[in-house]
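The values are calculated or read from the model by the stated rules, or taken from the named source; none is laboratory data. What you see is a predicted model, and the numbers here were worked out from it, not measured in a lab. Here the Cβ positions follow ideal geometry from the backbone for every residue, glycine too, while neighbour counts run over all protein chains shown. For the accessible areas, the whole protein counts, side chains as well, though only heavy atoms, and no ligand, DNA or RNA atoms are used. Shrake-Rupley method; radii C 1.70, N 1.55, O 1.52, S 1.80 Å.
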Amino acid sequence: MSARTFIIPASDPFSFDECLWFLDRGFDECMHTILPARVRKLVPLPGNPVLVDFRAHPEGIMAELLEGDVNPGTEATLRAYVHEWLAPQQDILPFYDKLARIPAMAYMPEAFKGLRLIGIPDLFEALAWSIIGQQINLPFAYRLKRRMVERWGESYDFGGTAYHLFPAPSVMAQADPAELRAMQFTGRKSEYIIGVAKQFAEGHVSKAALLALPGLEARRRALTDLRGIGIWSANYALMKSLRDATCIPHGDAGLLNALLSHQLISSKSDQAAMEKLYRKFKGWESYMVAYLWRSLAVKS
DNA sequence: ATCCAGGTGCATT
DNA sequence: AATGCACATGGA
């Protein structure tokens, strides 16, 4: 009999509460369920989805398998998944040193202590989500995602609560764009999502293939070659799914607002100030963005 | 009402 | 290479 409870160690500083904050920002999120001091998620281990309960533990995170079969490889795969999702073992102290050098951001290591960049391990999910979120407000984007997930994603009911997997590319590749359109996706977004799904289903795109490319620029190019994936979406997916540390979703509405509110730029077109700031976060650009996004939730 | 939302692709200069 | 525009709808 295999263990059903795992301790996933974290490197200091790590805050499970900050993870929960991100996962529970008041949006209609359908990919996990928040309970007091814990989050439950259907984790898509290959061929064997498992329902996992995550909560804080003195050493980091405690993960408890609530439903699903435990195989010899389950623990290792689950640990790898959590690393891609929450990165509890990433050493963020070098990033905090950089924050401390920017007066307007020097409060962040204390205010957001232990916050990690929360990832989206499934590359197709990250890309589809980036398409959904283009040029609309977040509450509406979450509503669209829920409609798509509930219509095409695998669903499991545990104790009266529905848990979902993000729809597989092979399923979305066969979807009728008119159905997405009827769910208030734009006609264009319907085409984009189904088109990207087809590229996955036909084997032209995969996370492994993207990782095998020689460098960031090649990866960016491979993504922006997809119709519907512009530079913003490519950088978003590289940051959230491949956990590339150096990606900035240039032009992002939230990022620009955060830069303005911290008076780090004088206007949304102040490219010079942006580049000057970004240079100071070399190697940690993605974390800089994540923390600026975090700051948006703090009332000014 | 009006403007802005986690933008992108395509047509026109 | 730069600029303009449609896309669709919700929230403030």
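The loop-placed trypsin sites (Lys or Arg not before Pro) in the stretch A:157-227, going by DSSP, that have at most 13 neighbouring Cβ atoms within 10 Å of their Cβ come out as A:Arg227. With protein chains left intact and a 1.4 Å probe, residues in the stretch A:123-240 average 47 Å² of accessible area per residue. Look at the alpha carbon pairs under 8 Å that are at least 6 residues apart: their mean separation over the length of the stretch A:114-216 gives a relative contact order of 25 percent.
The amide H of A:Phe158, built 1.01 Å from its N in the peptide plane, has A:Tyr163 as neighbours under 5 Å, considering only residues 5 or more places off or on other chains.
Helical content of chain A, expressed as a calculated mean residue ellipticity at 222 nm, amounts to -13000 deg cm²/dmol (DSSP H runs of 4 or more residues, -39,500 (n - 2.57) each, divided by residue number, nearest 500). When the residues A:Trp284, A:Trp232 are ordered by accessible surface, computed with a 1.4 Å probe over the protein chains alone, the sequence from largest down reads A:Trp232, A:Trp284. Under 5 Å between amide hydrogens, built in the peptide plane, is the criterion, and for A:Gly60 it picks out A:Ala10 among residues at least 5 positions away or on other chains. The Cβ shell under 13 Å around A:Gly159 holds other residues with a net charge of -2, Lys and Arg each +1, Asp and Glu each -1. Counting only protein chain heavy atoms and rolling a 1.4 Å probe, the accessible areas of A:Tyr96, A:Tyr107 rank, largest first, as A:Tyr107, A:Tyr96.
I want the local charge near A:Glu84. Using Cβ-Cβ distances under 14 Å, sum +1 for each Lys or Arg and -1 for each Asp or Glu among the other residues.
Residues near A:Glu84 contribute +3 overall.
Amide H to amide H, with H built 1.01 Å from N, A:Leu45 comes under 5 Å of A:Val50, counting only residues 5 or more places away or on other chains.
Top to bottom by accessible area (1.4 Å), largest first, where do A:Thr74, A:Thr33 land? All intermediate terms of the calculation are to be shown ahead of the outcome.
Numbers: A:Thr74 5, A:Thr33 35 Å².
Sorted by accessible area, descending: A:Thr33, A:Thr74.
Relative contact order, whole percent, for the stretch A:234-295 stands at 38, derived from Cα pairs under 8 Å and 6 or more residues apart. To the nearest 10, the accessible area of A:Ser155 is 70 Å² with a 1.4 Å probe. Placing pseudo-labels 7 Å out from each Cα toward the beta carbon at A:Glu64 and A:Lys268 gives an inter-label distance of 4.6 nm. Among the GluC sites (Glu not before Pro) found in the stretch A:191-288, those both in a DSSP coil and sparsely packed, with 15 or fewer other Cβ atoms within 10 Å of their Cβ, are A:Glu202. Compute the Cα gyration tensor for the stretch A:123-240, then decide on rounded, prolate or oblate, letting a ≥ b ≥ c be the square roots of its eigenvalues: rounded whenever a/c is under 1.5, prolate when a/b is larger than b/c in the other cases, and oblate in all that remain. Prolate is the answer for the stretch A:123-240, as a/c is 1.5 or above and a/b outweighs b/c. Annotation note: GluC sites (Glu not before Pro) in the stretch A:38-86 located in DSSP loop regions with a Cβ neighbour count of at most 12 within 10 Å are A:Glu59.
Of the accessible area of chain A, with the probe set at 1.4 angstrom, what percent is carbon plus sulfur? Before the final figure, lay out the partial values.
On the way: 7180 of 14000 Å².
Accessible surface attributable to carbon and sulfur in chain A totals 51 percent.
Averaged over its residues, the stretch A:5-89 has an accessible area of 44 Å² per residue, based on protein heavy atoms and a 1.4 Å probe. One chain, two ends: A:Arg55 and A:Phe158. Fully extended at 0.36 nm per residue, the span grows by 35.2 nm beyond their Cα-Cα distance.
Over the stretch A:5-89, what is the relative contact order in percent, taking alpha-carbon pairs closer than 8 angstrom and at least six residues apart?
Relative contact order comes out at 34 percent.
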